[in-house]
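Accompanying notes for the structure given below.
Derivation of every value follows stated rules applied to the coordinates shown; laboratory data play no part. Computed from a predicted structure; not experimentally measured. Ideal geometry is used to build each Cβ from the backbone, glycine not excepted, and the neighbour counts take in all protein chains shown.
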Ligand code: 0X9
Ligand code: ZN
């Protein structure tokens, strides 16, 4: 099992994925994703019982570098699914524990609160693109020279190789994919599409019902109250986010962004002691969500 008493750096996450693949070689596959801007491999895992045509569910974590609490949630999902054959009979599981490796590294080495990728910009003082504004669905240039913005969306949709790789893999598996989840921090929210409008989507009732089943399962553990909300009304307006991409491109019927609990001085820097209680309450929420989606 992964360590939940401290935050793992990217090298350690990489090693963990490979340990899991060595131990469970008959039920795991390495995800085929592009290299990062700085040339690092992206390390995600598919866990499957091997039966063709099963429905599939997707989880990615730490697409925002500083949101360290999200990665252990992805690691916990891996630990659960390799240990429980019944979970593999429910669905094929696609899990990407660090979706922005270059930024994640930088948040360990230089700037704890780094959010974006590390791709160069014309302003050398302000590198990086917000990967969660870079997906190819209603991508919006905003102010195209505002490189220093924390939500700078890049020079075009999919300008970031990490984002392009994730987006294209999601489209590749769309026939089987039913659920997309991005794990972020912070806010104790389960957000559903869209981020660009408060107008209800066609299956909004189902999205709320599944999200509420998840929130109820989380609350049952230790009382933490996640709210279930439309992204645009619950948070703010966005374009080019991953959940809206997966939903809007028709890859899934259910798409969510989980915002975990805050911690530390800046909300994004909880102490390591917060990892275990977080994964202990969020895993039941993930399981309830998957069970709801697959039975509806
Ligand atoms: O703004 C974001 O990308 C996410 N919040 S965070 O504080 N982790 O940066 C929320 C994304 C929610 N989804 C959409 N707006 N589509
Ligand atoms: Zn985030």
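Going highest first, how would you order 160-166, 198-204, 183-189 by mean Cβ packing within 10 Å?
So the peptides 160-166, 198-204, 183-189, ranked by packing, come out 160-166, 183-189, 198-204.
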Item checked: Alpha carbon centroid spacing (whole Å) that separates segment 187-256 from segment 66-122 -> 19 Å
Note to self: Calculate the FRET efficiency for residue 145 and residue 12 from the Cβ-Cβ distance with a Förster distance of 35 Å, rounded to the nearest 0.05.
What the structure shows: 0.40
Note to self: Suppose we keep just the alpha-carbon trace of the chain; what are its Rg and Dmax in angstrom?
What the structure shows: 17.6, 51
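Which ordering of 261, 233, 119 is given by a fewest-first count of other beta-carbon atoms within 10 Å? Before the final figure, lay out the partial values.
Values: 261 18, 233 12, 119 21.
If I rank by nearby Cβ atoms, fewest first, I get 233, 261, 119.
Would you mind getting the Kirkwood hydrodynamic radius of segment 39-100 from its Cα pairs, rounded to one decimal in Å?
Details: mean 1/r = 0.0823 Å⁻¹.
One decimal place: 12.1 Å for the Kirkwood radius.
Using Cα pairs closer than 8 Å and at least 6 residues apart in sequence, work out the relative contact order for the chain, in percent.
On the way: 644 pairs, mean separation 61.2, N = 296.
Averaging sequence separation for qualifying contacts and normalising by length gives 21 percent for the chain.
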Next item on the list: Go through 7-15, 248-256, 136-144 and give me the packing order, highest mean Cβ count within 10 Å leading.
Entry: 248-256, 7-15, 136-144
